[in-house]
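K.L.:
Quick one: the structure is below, and I'll ask about it shortly.
The values are calculated or read from the model by the stated rules, or taken from the named source; none is laboratory data. What you see is a predicted model; the values in this text were computed from it and never measured. Neighbour counts are summed over all protein chains in view; Cβ atoms, including those assigned to glycine, are modelled from backbone coordinates with ideal geometry. The area values use the complete protein model at the heavy-atom level, side chains included, leaving out ligands, DNA and RNA. Shrake-Rupley method; radii C 1.70, N 1.55, O 1.52, S 1.80 Å.
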Amino acid sequence: MRDKTYGRSLAVIIAIFAVSAALLSWKFLSLASSPDKPFLVSRGGAEWIRIDEPMDLVKKDAGVVVTAFRRNFEVKDLPEKAVLTIVAMKSASVYLDGRPVYSDKDPAGWKSPRSVDLTPGITPGPHELTIAVENRNGPAVLLAYSEGLDLRTGEGWEATKDGVRWTKACSVDAYRPPGVTRMFERADRVFLSKLPYILGVFLAVFAWSFIAGSRWRWSPALQRLTPGPGALRWGVIAAWAVLAVNNFWKLSPYTGFDLKAHWEYIQYVALNLRIPLAPEGWQMFQSPLYYMVSAPVYLVFKKFTDMETVARVLRLIPFVCGVVQVELAYLAARHFFPEREDLQKLGVLIGGLLPVNLYISQELGNEAMEGVFSAAVLVLAFGMLRTDAGPRPLKRLILIGVFLGLALLSKVTPVLLVPVLVLMLAYAIIENGGGWARAVKGAAITAGVALGIAGWYYLRNWILLGRPFVNGWDSSNSIVWWQDPGYRTILQMYAFGESLTYPVFSGFKGFWDSIYSSFWMDGYLSSSGYSTRPPWNYGLMFSGAWLALVPTAGMIIGFVSAVVRPVESLKRGELFAAAFVALYFAALMYLYIDLPIYSTAKACYTIGLTPLFGAFGAMGLGLLMRGALLRAAVFGAVASWAVFAYLAYFVV
């Protein structure tokens, strides 16, 4: 009977996932075809090209960008037809030997190929083809080809912005990093220079783990001295406390992404005693809870101390949120591995010392608060899957609704939790003896509580601004700008490797470098330049780029194992955990395409999944721990990463 229940539930889950995948595919295809989204797809054997210049970090104001591209060619045999096909972002004028032959100023249709008949002007001998491309609020790039003339954009083209100085044009996928990235030493060389220390930590933990797990005469003593998962959790929390004490005065209070804007939001709430509307400031589209909590602290401390100290005190709020994530990672590990203390330890280490949580929690901003409330929702929800949860655990459903409401009141990101969360709660209630009616009621209770806590804010937006959700680049905020690269290509979706050599601002290269460098390192320097970079220990941080390959592999293996074994992974929720992670990364990819600036895909947007990252890391590495040697090697590798991850953000 129970197998039939699992079969029915699994069928429903697969059906819903299939529908979700279809909807996401449709959404991504709409991005590729929409003239408002600068997603570039090559055709006709031609490459998209741009002027060859380095990317930069500068925010560019809205305005017209014009770039002219030219190619000299020679005709020996007259073609029957010389048709030029162009796709220019976003309007183009074509000149043959200096004479205008075509002009199109309609930016709305720029993704549709335009055909230009050059046949009347083609004669035997040399010719010059020039195409001037004009774009507003973005770079000017071009794709063009002519089968009859054997011409296509790529090698041999030149470009100019002023019509005087012509330089070589390059592919839009050619990586021209900003200069700041080369001001740091290569991560692989740093890793090799730190190898003696890494090996020291690795060998110490390897030997301890191997001997404690063997039958040597010292083993019982080492086993007694080896901390269990609970003690390890307290040790990690104590390490966070030491970090707070050490960094309180050493780390500048003005470190963090969009720091000035977050600071202005706190002051606005404190001085005006009201929540601003999105158009009133750069970050004032953010949900208000973090700022509502920070405002009273600001008002109290500004009476008897200076503003720098006030900022330091305010920084403790996100720090506490980061510390709580350690406890949530521990609880998640206990849920997923109730009989495996070794995997619980790995879950605590990986989830409790994630660099993205370590550095974000030391900065002013709402990411850490949203993250801890979202993580609490997940831990409570997975508890619903226990066989002793009962058919209708009302208190837990209400508590999940409370934390979901607080998460949504901290940031809009947790709305991504809702589809899978509703499905998981319904499944848990049915599996524990309830019917569909109770499942619907349970989901309604959670949703009702969440709406009761956060709904007023989004309803207010809807009434006053015409929509519940307003993002930071919405035109209603009167903020119209663009940053490099200003477009997206297929290569940017899958390229990876820059973050292992020059991780700082490696997000210019592609999506996965952006995620990796901001997940395992402060790859964006907390939105600072070289001269104002945070005082992290960069040698240790860059070494972490390579050390993190071990927990990364664990997470990937754990995720894949949950997906390929759906029946086995359904009971404790690994399949649901995979769905949460997949949905977040799909949303990140969507945002990455939708807003083509270098820093769109930041790992801090996934900080609410911290307990799941720890669990998946432990799950995947657990599959590799076959035998005492491999087990000791895994613990040695994870311990080496953990030590360097922690010390990287311990300011000296």
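K.L.:
Which of the following residues is surrounded by fewer than 23 Cβ atoms within 10 Å (Cβ to Cβ), closer than 28 Å to Arg631 by Cβ, hydroxyl-bearing (Ser, Thr, Tyr) and free of Cβ contacts under 8 Å to residues at least 40 places away in the same chain: Ser561, Ser569, Ser531?
P.N.:
Numbers: Ser561 fails: free of Cβ contacts under 8 Å to residues at least 40 places away in the same chain; Ser531 fails: closer than 28 Å to Arg631 by Cβ.
Exactly one residue qualifies, and that residue is Ser569.
K.L.:
Which residue out of Gly383, Gly352 is under 23 Å from the mean Cα position of the chain (by Cα) and not hydrophobic (A, V, I, L, M, F, W, C)? Outline the logic, then answer.
P.N.:
Details: Gly383 fails: under 23 Å from the mean Cα position of the chain (by Cα).
Answer to the check: Gly352.
K.L.:
Something else now. Which of (1) open to solvent by less than 30 Å² (accessible area, probe 1.4 Å); (2) modelled with pLDDT under 95; (3) not hydroxyl-bearing (Ser, Thr, Tyr) does Ala375 not meet, given it meets every other one?
P.N.:
(2)
K.L.:
On to the next question. Of Leu346, Leu416, Leu399, which residue is open to solvent by 30 Å² or more (accessible area, probe 1.4 Å), closer than 25 Å to Ser517 by Cβ and assigned to a helix (DSSP H, G or I)? Step through it out loud before you land on a result.
P.N.:
Values: Leu346 fails: open to solvent by 30 Å² or more (accessible area, probe 1.4 Å); Leu399 fails: closer than 25 Å to Ser517 by Cβ.
Result of the check over Leu346, Leu416, Leu399: Leu416.
K.L.:
Right, here's the next one. In region 319-330, how many are in contact with a Leu (Cβ under 9 Å, 6 or more places away or on another chain) and either within 11 Å of Arg233 (Cα to Cα) or at pLDDT below 95 (or both)? Don't jump to the end; show me each part of the working.
P.N.:
Step one: of region 319-330, the residues in contact with a Leu (Cβ under 9 Å, 6 or more places away or on another chain) are 319, 322, 325-326, 328-330.
Of the ones still in play, those that are also either within 11 Å of Arg233 (Cα to Cα) or at pLDDT below 95 (or both) are 325-326, 328-330.
Going through region 319-330 one residue at a time, the tally reaches 5.
K.L.:
Still on this structure: Could you say whether any residue in region 159-169 is part of a strand (DSSP E or B), open to solvent by 50 Å² or more (accessible area, probe 1.4 Å) and more than 27 Å from Tyr502 (Cα to Cα)? Full working, then the answer.
P.N.:
Restricting attention to region 159-169, the residues satisfying the condition of being part of a strand (DSSP E or B) are 159-160, 167-169.
If we keep only those that are open to solvent by 50 Å² or more (accessible area, probe 1.4 Å) too, we end up with 168.
Then keep just the ones that are more than 27 Å from Tyr502 (Cα to Cα); that gives none.
Within region 159-169, none of the residues are part of a strand (DSSP E or B), open to solvent by 50 Å² or more (accessible area, probe 1.4 Å) and more than 27 Å from Tyr502 (Cα to Cα).
K.L.:
Where in region 525-593 are there helices (runs of 4 or more DSSP H), lying wholly inside it, with at least 1 residues that are under 17 Å from the mean Cα position of the chain (by Cα) and within 30 Å of Ile430 (Cβ to Cβ)?
P.N.:
549-564
K.L.:
Is it the case that region 458-470 has a residue that's among the aromatic types (Phe, Trp, Tyr) and in a loop (DSSP other than H, G, I, E, B)? It would help to see each step written out before you state the result.
P.N.:
Taking region 458-470 and keeping what is among the aromatic types (Phe, Trp, Tyr), we get 458, 462, 469.
Of the ones still in play, those that are also in a loop (DSSP other than H, G, I, E, B) are 469.
Yes, because at least one residue in region 458-470 is among the aromatic types (Phe, Trp, Tyr) and in a loop (DSSP other than H, G, I, E, B).
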